[in-house]
Amino acid sequence: MKAKEKKLLAKIKRAEGQVAGIGRMYEEGRSCVEIAQQIKAAKSALDRVARDILTDEASRCVRSGKSGEFEKIVKLLFGLQK
């Protein structure tokens with residue numbers, strides 16, 4: 001596994017931990033503010049993971065000449081497609 005892939009997997013694991021933490025906080029009856037802060041942090045972490053993955057995929061599509069896939073990725077990156 002390449003260093004870049006390891007780094008991305010570490011980001012994914014970190015986001016997983018944040019999401020699991022939200023569940024624990026909810027079960028423990030933590031304050032709404034604390035839970036909201038954790039949700040914001042998890043969303044930001046997932047946004048970074050998505051950006052990294054989609055950027056890599058877009059680059060791969062351009063190199064391999066798959067323009068249709070590239071266009072879909074661009075739309076996803078800019079929130080134009082769900």
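Each reported figure results from applying straightforward, stated rules to the coordinates on display, with no laboratory input. On a predicted model such as this, the values are computed, not experimentally measured, just so you know. Methodologically, a virtual Cβ is constructed for each residue, glycine included, from the backbone with ideal geometry; neighbour enumeration extends over all protein chains shown.
Per-structure values
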{"read-out": "Cβ-based charge dipole, segment 1-71, positive-most Cα from Gln38, Val19, Gly65", "value": "Gly65"}
{"read-out": "Peptide ranges 22-32, 49-59 listed from the most packed, as the mean C-beta count within 10 angstrom indicates", "value": "49-59, 22-32"}
{"read-out": "Gain upon complete extension [Ala41, Ala3; 0.36 nm per residue less C-alpha separation]", "value": "11.2 nm"}
{"read-out": "Cα-based Lys proximity count in the chain, under 16 Å, for pairs eight or more positions apart or on separate chains", "value": "7"}
{"read-out": "About the Cα centre, charge dipole magnitude for the chain (Lys/Arg +1, Asp/Glu -1 at Cβ), debye", "value": "320 debye"}
{"read-out": "Value of [θ]222 nm, deg cm²/dmol, for the chain, DSSP H segments ≥ 4, -39500 (n - 2.57) each, nearest 500", "value": "-30000 deg cm²/dmol"}
